[in-house]
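Structure, as C-alpha cells:
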C-alpha cells in the first residue's frame, strides 16, 4: 500500500486545456488519458492525496470516483472544488473519499499539504516539506525551499508516490 499525491486535475473542465496549455484535444480525451495515467501507477489498495481542483462538476466527480484506482482518496478543497463540496453536503461522497482541512499535516511524512503556496507553513522550522497544488509557471517545485508543487501539469498528468518524491528531493546529487 503506497501513498500518492497530485493536484489540479480539474476533470471535466474544458477551459483548463487552453488556460494551462494541456496537450489534449478535448475534455473527453483529457479525462480518459488522465484516468489511464492515474490507474497505471495507483493500485486499488493505495491512498491518494489530491491537493485541490479535483473535478469541475458533481457528475464528473462521481464518474472519477468510480473510474480511478484508490483505497482512500483525501481531497483538500480549493477554488474549483464546489462539485465535491456539493456532493459532501448532499451526503454523496463514497465512504472512501474524505474532504480534509485546507492545510493538512502528516508528521510521519514530515510534510504539510495545502492548495496554495505559502511562505510559512506548520512545522517548516522542523524541516517539513510543503506540498501544494496551485498551478502557475512561477510556482515550480523548489527543493531548496522544501516547496513541492504537485499540480498535475508539472508531473506528466500522473500521481506521484510521495516517498519517491521525498527521496528525490533529499538526494545529495539532486541538491547540487
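We did not get these values from a lab; they are worked out from the coordinates using the rules stated. The model shown is predicted, which means the values in this text are computed figures rather than measured ones. When we count neighbours, we look across all protein chains shown, and the Cβ atoms used for this are built from the backbone with ideal geometry, even at glycine.
A few points about this structure:
- Relative contact order of segment 1-105: 28 percent, from C-alpha pairs under 8 Å at least 6 residues apart in sequence.
- Relative contact order of the chain, defined on C-alpha pairs under 8 angstrom at six or more residues apart (%): 24 percent
- Residues 76, 51, 119 arranged by fewest to most Cβ contacts within 10 Å: 119, 76, 51
- Estimated translational D of segment 47-147 in µm²/s (Stokes, Kirkwood radius over Cα pairs; 10 °C; 1.306 mPa s): 110 µm²/s
- Segment 12-50 and segment 61-127: distance between their alpha carbon centers, rounded to Å: 17 Å
- A Stokes-Einstein calculation at 10 °C with viscosity 1.306 mPa s, built on the Kirkwood radius of the chain over Cα pairs, returns a diffusion coefficient of 98 µm²/s.
- Sorted by Cβ density within 10 Å, fewest first, the residues 130, 85: 85, 130
- Which of 19, 82 has the fewest Cβ neighbours within 10 Å, and the rest in rising order: 19, 82
- When shorter helices are ignored and each DSSP H run of at least 4 residues is given -39500 (n - 2.57), the per-residue value for the chain at 222 nm works out to -8000 deg cm²/dmol.
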